[in-house]
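Contents: one structure, followed by commentary.
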Amino acid sequence: MKRKVTTRWIATTAVLAAIYYALTVVFSPISYGPIQFRVSEVLNLLAFFNPGFAPGIVIGVFLSNLTSPLGVYDLFFGTFHTAISLYFMSKVHKKWVASLMPALFSWIIGFELVLAFGGGLPGFLTMSLSVAASEVIICTLISVPLYDALEKNPGFRSIVNKNPQ
């Protein structure tokens with residue numbers, strides 16, 4: 001089903017991109033590099049509730065990666081990692097399984113980091129596991145309880161409803 005592009009959707013997409021960007025840049029010392037912990041990844045689970053939120057998050061990743069010390073590697077691989085993770089996140093029916101998608105695809109970032117820093121297969125495995133661990137911490141251990149609490153709020157439920165009126 002095609003999504004109707006409305007002023008509301010454009011505004012929501014822009015706000016999500018801006019929030020993702022701001023959180024990444026504010027926490028930039030831990031947002032980039034071989035050991036990374038992007039606080040902004042907490043937004044990823046929004047794509048589970050409503051796939052219409054994914055473009056804003058992906059744009060936010062792209063904008064954040066414009067200032068990445070990894071340059072073009074992060075623009076391509078980081079953005080691709082988020083796009084593929086959010087796509088599959090929106091296809092599963094259990095929140096905790098959805099929350100694992102960024103960790104499942106952490107090998108994409110591991111590959112990027114090996115291209116940027118070297119390290120061969122051992123580096124690839126180490127960096128992929130490091131990124132996967134940070135994704136599990138943020139997207140599963142922090143995000144799932146956070147969104148469980150938010151789901152109790154009728155206002156939140158009406159905002160993230162998969163079939164908005």
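Counting protein heavy atoms only, the chain has 74 percent of its accessible area on carbon and sulfur, 1.4 angstrom probe.
Computed from point charges on the beta carbon alone (+1 for Lys and Arg, -1 for Asp and Glu), the dipole magnitude for the chain about its Cα centre is near 760 Debye. With everything on Cα atoms, drop me the angle between helix 54-66 and the longest principal axis of the chain, reported from 0 to 90° to the nearest 10. Approximately 30 degrees, to the nearest 10. Here the calculated FRET efficiency for V39 and F156, from their Cβ-Cβ distance with R0 = 22 Å, stands at 0.70, rounded to the nearest 0.05. The range 116-142 and the range 31-73 have Cα centres separated by 15 Å. In this structure the chain gives 53 Å² per residue of accessible area when probed at 1.4 Å with all protein chains present.
Site pair K94 and L66 shows an inter-label distance of 4.0 nm when each label is modelled 7 Å from Cα along Cα→Cβ.
The values are calculated or read from the model by the stated rules, or taken from the named source; none is laboratory data. From a predicted model like this one, the values you see are computed outputs, not experimental measurements. Virtual Cβ from ideal backbone geometry, glycine too; neighbours counted across all protein chains shown. The protein model used for the area step is the full one, side chains on, heavy atoms only, and it has no ligands, DNA or RNA in it. Shrake-Rupley method; radii C 1.70, N 1.55, O 1.52, S 1.80 Å.
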